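Here is the structure we will look at.
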Amino acid sequence: MVRPRTAREVRSVVRACVRHGVPLVTRGAGTGLSGGEHGVGLLKRDGLERELTPAVLDMHRAVKAALDPHGILNPGKVIARG
């Protein structure tokens, strides 16, 4: 288990996992965004900036960017910066 605190640390962890073939499972501060709420996720998208801290949103963006650098998997599912 790792607990990165910055987007840079998230990128480093993801790259290390990919490089060494280590499975990666994320947890978004217990918000359900990385768990079982995918079915209603888009309905809640507009409220994410009110519900989550900027650091948590940055973590989600960093994981998405590291795992999907070309933006082809679930496009538009992680809130973009305004």
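Mind checking which residues of the range 32-65 are part of a loop (DSSP other than H, G, I, E, B) and at pLDDT below 75? Of everything in the range 32-65, those that are part of a loop (DSSP other than H, G, I, E, B) and at pLDDT below 75 turn out to be G32, L33, S34, G35, G36, E37, H38, G39, V40. Going by the structure shown, is V25 open to solvent by less than 40 Å² (accessible area, probe 1.4 Å), modelled with pLDDT of 60 or more and of a type outside the set (F, W, Y)? Spelling it out, it is not the case that V25 is open to solvent by less than 40 Å² (accessible area, probe 1.4 Å), modelled with pLDDT of 60 or more and of a type outside the set (F, W, Y).
The values are calculated or read from the model by the stated rules, or taken from the named source; none is laboratory data. Nothing here was measured: the structure is a model prediction, and the numbers come from that model. Surface accessibility is based on the protein's heavy atoms, side chains included, excluding ligands, DNA and RNA. Shrake-Rupley method; radii C 1.70, N 1.55, O 1.52, S 1.80 Å.
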